[in-house]
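The values are calculated or read from the model by the stated rules, or taken from the named source; none is laboratory data. Just so you know, these numbers come straight off a predicted model, no measurement behind them. Cβ placement follows ideal geometry from the backbone for every residue including glycine, while neighbour counts extend to all protein chains displayed.
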């Protein structure tokens with residue numbers, strides 16, 4: 001284990017979930033949360049700015065912390081939380097039909113979720129599969145990401 005690799009701990013039953021949605025998908029995310037409120041209740045949420053505000057207004061009982069708007073750094077805030085081992089699941093409802101001015105941030109967030117081996121749902125079907133999985137309700141421990149080969153490479 002190096003200073004750059006967070007210890008992989010079992011994911012606790014109370015998940016730490018990041019929520020992101022492009023503008024055209026915010027209503028879909030809010031509806032998805034409503035349809036899955038029984039499974040999601042009791043978990044901790046962080047969300048990019050406007051998404052977080054809209055989710056909080058629609059579902060005031062959720063423990064949600066809004067961050068900065070995505071284009072203003074919210075995507076990077078969530079990315080940092082992933083890299084620090086403070087996010088267990090990323091739910092990011094992507095709008096594939098609209099160009100995003102902060103597309104590089106979106107790609108970086110996708111890369112970090114993949115790199116640190118955390119589940120990521122980019123659409124409702126995947127999000128449904130995740131929250132209905134027995135792993136979601138348990139203390140599932142994903143395989144720890146290892147960067148030893150990269151960190152010990154010859155420069």
- Of all residues in segment 34-53 being assigned to a loop (DSSP other than H, G, I, E, B) and touching a residue at least 24 places away in the same chain (Cβ under 8 Å), the one that is farthest from residue 92 (Cα to Cα): 42
- Please indicate, with yes or no, whether at least one residue in segment 122-135 is in a loop (DSSP other than H, G, I, E, B) and in contact with a strand residue (DSSP E or B) (Cβ under 6 Å, 6 or more places away or on another chain). yes
- Selected residue (criterion: farthest from residue 27 (Cα to Cα)) from residues of segment 54-74 that are touching a helix residue (DSSP H, G or I) at 6+ places or on another chain (Cβ under 8 Å) and part of a strand (DSSP E or B): 65
- Task: Looking only at segment 94-106, count how many residues are at pLDDT 90 or above and either outside any loop (DSSP other than H, G, I, E, B) or surrounded by 16 or more Cβ atoms within 10 Å (Cβ to Cβ) (or both).
- Result: 1
- Query: Would you call residue 31 touching a helix residue (DSSP H, G or I) at 6+ places or on another chain (Cβ under 9 Å), closer than 30 Å to residue 148 by Cβ and without any contact (Cβ under 8 Å) to a residue 24 or more places away in the chain?
  - Reply: no
- Note on the structure: Condition set in contact with a strand residue (DSSP E or B) (Cβ under 8 Å, 6 or more places away or on another chain) and not in a helix (DSSP H, G or I), scope segment 77-93, selection surrounded by the fewest Cβ atoms within 10 Å (Cβ to Cβ): answer is 86
- Message: It is to be established whether one or more residues within segment 135-149 are under 21 Å from residue 30 (Cβ atoms) and either loosely packed, with under 15 Cβ neighbours inside 10 Å or modelled with pLDDT of 95 or more (or both).
- Response: no
- Quick one: which of 42, 61 is modelled with pLDDT of 90 or more, touching a strand residue (DSSP E or B) at 6+ places or on another chain (Cβ under 9 Å) and surrounded by fewer than 17 Cβ atoms within 10 Å (Cβ to Cβ)? 42
- Task: State yes or no: is residue 74 in contact with a strand residue (DSSP E or B) (Cβ under 6 Å, 6 or more places away or on another chain) and over 16 Å from residue 14 (Cβ atoms)?
- Result: no
- Note on the structure: The correct count of residues that are closer than 15 Å to residue 121 by Cα and without any contact (Cβ under 8 Å) to a residue 40 or more places away in the chain in segment 80-96 is 1
